[in-house]
Amino acid sequence: MTNSSLPSDLPAHARERLLAMRGKDEAHRLFTSDLTVNEFLLVKEAGFDPVGMVVGCSMYHIGYQWAGINQNMEMTVLSQAMYHARELAMSRMEEEADALGADGIVGVRLTAKHMEWEPNMAEFVAIGTAVRARNPDLSYRTLDNKPFTSDLSGQDFWTLLRAGYRPVGMVMGNCVYHVAYQGFGQWFKNIGKNVEMTNFTQGLYDARELAMERMQAEAIHLKAEGIVGVQLHEGRYSWGAHVIEFFAVGTAVIPLRADHHIPTPQLMLSVND
């Protein structure tokens with residue numbers, strides 16, 4: 001494999017690192033991994049070999065959008081910026097995995113961090129361990145012939161495969177939403193009362209639903225049967241007190257075969273105090 005076969009948009013040091021891990025032949029490969037020892041052994045037992053820790057990042061300037069203080073509304077400019085930045089980080093991580101000949105990436109962590117020195121700028125980073133199946137007769141790549149991605153731990157990845165399912169992709173959806181301020185009249189009437197703040201409830205409910213809906217749409221595109229390990233995160237970042245992002249992420253899965261059988265779980269007692 002030559003240096004020219006690596007993606008041209010990767011930084012020079014990333015290309016050097018990937019070439020060192022690929023080696024000149026199978027006997028001289030070197031892998032790196034952020035898996036724990038237990039995860040590493042379970043991934044190996046599941047029939048996969050780690051081929052390298054892969055990284056993607058994007059430094060992104062997030063634009064501005066105005067919202068009236070009395071409006072419940074999605075901040076579409078901010079939603080699109082946060083989603084696009086994450087997509088760039090994920091796609092660059094997938095490029096590194098593809099360059100290593102991987103079938104997928106497990107244990108993916110996707111983080112966003114706003115810079116203290118520039119409130120409208122954020123760094124998005126995707127990190128995981130690229131793996132390759134030892135059985136060449138089984139294809140684990142996506143419909144677009146890319147390595148699958150999954151945020152499942154090594155233990156959950158092993159359990160999923162034993163149950164007859166496989167990951168087809170890490171799916172996500174987000175929504176940045178402005179929640180209307182409470183009016184003075186409403187604030188005055190509610191003094192000393194236990195009462196639901198319906199405008200706040202509706203705004204937050206709508207935002208979560210939009211994030212979940214978009215995550216599900218990605219899974220449908222991948223022709224998945226379902227999504228496991230769903231997490232719903234809230235982030236406020238530097239947009240102000242009444243602007244919040246809901247971010248939904250999980251691993252879309254499909255059965256390995258139509259007649260798969262899920263083994264009966266075994267009871268295990270911990271001997272720890």
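Read-outs: derived from the displayed coordinates by stated rules, not from any lab. All of these numbers come straight from a predicted model, not from anything done at the bench. Cβ atoms come from the backbone with ideal geometry, glycine included; neighbour counts cover every protein chain shown.
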- Using amide H atoms built 1.01 Å from N in the peptide plane, name the residues 5+ places from SER33, or on other chains, whose amide H lies under 5 Å from its own. MET53
- Message: Pick from VAL249, VAL179, VAL168 the residue whose mean-square fluctuation is largest in a GNM of the chain, springs joining Cα atoms under 10 Å.
- Response: VAL179
- Query: What are the residues whose amide H is under 5 Å from the amide H of GLN71, where those residues sit 5 or more places off or on another chain and H is modelled from the backbone?
  - Reply: TYR181
- Note on the structure: Computed ³J(HN,Hα) along segment 78-95: with the Karplus parameters 6.51/-1.76/1.60, θ = phi - 60°, integer Hz and x for glycine or proline, the list is 6, 4, 5, 5, 5, 5, 4, 5, 5, 4, 4, 4, 5, 5, 6, 5, 5, 4
- Query: Quick one: length gained pulling ALA12 to ARG29 fully straight, 0.36 nm per residue minus the C-alpha distance?
  - Reply: 4.2 nm
- Query: Mind listing the phi-derived Karplus ³J(HN,Hα) values for segment 170-177, rounded to whole Hz, using 6.51, -1.76 and 1.60 with θ = phi - 60°, and x for any glycine or proline?
  - Reply: 7, 10, 8, x, 9, 7, 9, 9
- Pick out, in residue order, every one of the chymotrypsin sites (Phe, Trp or Tyr not before Pro) in segment 98-168 that is DSSP loop and has at most 16 other C-beta atoms within 10 Å; say none if there are none. TRP117
- Neighbour-count ranking [beta-carbon atoms within 10 angstrom, fewest first] of GLU96, GLU213: GLU213, GLU96
- Item | Extended-chain gain in nm, criterion 0.36 nm per residue less alpha-carbon gap, VAL230 and THR201 | 8.3 nm
- When the chain is fully extended, how far beyond the present Cα-Cα distance does ALA20 get from GLN80, taking 0.36 nm per residue of separation? 18.0 nm
